[in-house]
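A short write-up of the structure that comes next.
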Amino acid sequence: MNLSDLTRNAYMLRGSLARRGYMRWWHSFSGIQPQTGETRTFFVEFLVLNPGLGGDSPILGQHPYYKKRGISPSYVCVKAGVFPDEEGNGGRQLHAFYPVSSLKATGSPLVMQVEDCFYSEERIRGYVDVTKEESRRRSLMTDAGAMEWDLEIHKAVSCNTGILAGTFFQALNALESYWHGEGVKSFFRGTVTLDGILYEVSPQVGNGYADKHWGRGFNRPWFQFSCGRLFSQRTGRELRHSVLAVCGCCPRFLFLPLRRKLLIQLTYTGEDYDFGFRPFVLSRCKWETKETNKRYIWHILAKNKDAVIKISGSCTKEQMLELKYENPRGVKSRLPLLAGAAATGTIQLYRRTSGGRELIDTLHMQQGFCEYRQGKT
């Protein structure tokens, strides 16, 4: 549902999750290079891993010393980078690691500061610089380069998962990972400098997105799809305040995994359509992934009592970047987590009627954001 809730976007890991859990705040946005007109899509993420184990230095789970002794990781990581261009070139991710003790954070609304990097609900700024020597250290899981950003954010549309991410279900550890999309439709304004090249970011450029994940581990399969650049076939115009957000989740009952499900919200010209948000109910949703030599393709069909939605989206492999993480146990998955910001596709939205269904509109997607890791479905 399109409902802002800053308490869910706050800094919070309780009980055992503080010692084996994570929080990650993700932002993606596009910028234009003024001299050349080149458009690139960037990302900035704040990741906190096992804060209850923290000390005065970051504990890197992939470092041979800690890995050999089975010591769980604990740190704050600022991840910044850029997705590959249309030819599949130039994608990279840059990591800066800090001890948990260096993080200063408020409650709700959240304000975070770790050295030169700052986060609030209305602004992010920071700087990451990784040398070639540092990029050769496997424990850092990073490329080489430098990126600086200073951006204002307006989070226009939210995706609130309701009771699924409420305190009751968190206390039950009902989900492996929780999700809150405070800014599934966001407008960014400011500047990004990548390796000395300035890019200007404005609300008119690209598909702005911001959300948060937290929990005991990462979903498997990991699937997420969002698009805020929707064009109506009925009117022929871009829908500036409409957005699609899709996220997979792994529900549990008495610590037993249940069938994976998708949470889907389409905000269309001021009206919200959501699917799969009721807990422990097998939503009427079919999800299929196809892989070709050049693309990943997703087909989704979902129904509720009022509407039906058909989603077909894809992203070329060369425009996807492998994002590198370790989970709270210090394990780095052998299966790649691929992310891209150039997904395209269509959405068909139907209204259910007594005689069947009636097409409301067909929407064409551009510059969609997607994340995908294979796993059991």
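The values are calculated or read from the model by the stated rules, or taken from the named source; none is laboratory data. These numbers come from a predicted model, not from an experiment. Ligands, DNA and RNA are excluded from the accessible area calculation, which covers all protein heavy atoms including side chains. Shrake-Rupley method; radii C 1.70, N 1.55, O 1.52, S 1.80 Å.
A few notes on this one:
- Ratio Rg/Rh [Cα only; Rh per Kirkwood] for segment 11-153: 0.99
- A helix-only calculation puts the chain at -1000 deg cm²/dmol for mean residue ellipticity at 222 nm, using -39500 (n - 2.57) for each DSSP H run of at least four residues, averaged over all residues.
- Pairs exceeding a 24 Å alpha-carbon distance, out of Lys132/Lys155; Lys132/Lys294; Lys185/Lys310; Lys104/Lys132; Lys79/Lys294; Lys132/Lys212: Lys132/Lys155; Lys132/Lys294; Lys104/Lys132; Lys79/Lys294; Lys132/Lys212.
- Globularity ratio of segment 135-198, using Cα Rg and 2.2 N^0.38 Å: 1.69
- Note on segment 72-118: Kirkwood radius taken over Cα pairs, Stokes-Einstein applied at 37 °C and 0.692 mPa s, translational D equal to 258 µm² s⁻¹.
- Rg of the Cα atoms in segment 135-288, relative to 2.2 N^0.38 Å, amounts to 1.23.
- For segment 290-377, the extents of the C-alpha atoms along the principal axes are 53, 28, 19 Å, listed from largest to smallest.
- Surface share of carbon and sulfur [accessible, 1.4 angstrom probe, percent] for the chain: 49
- The three principal axes of the Cα atoms in the chain give end-to-end lengths of 65, 57, 42 Å, sorted in falling order.
- Remark: accessible surface ordering of Tyr199, Tyr350 (largest first) is Tyr350, Tyr199, probe radius 1.4 Å.
- Take segment 296-377 with all the other protein chains still there, run a 1.4 Å probe, and you get 44 Å² of accessible area per residue.
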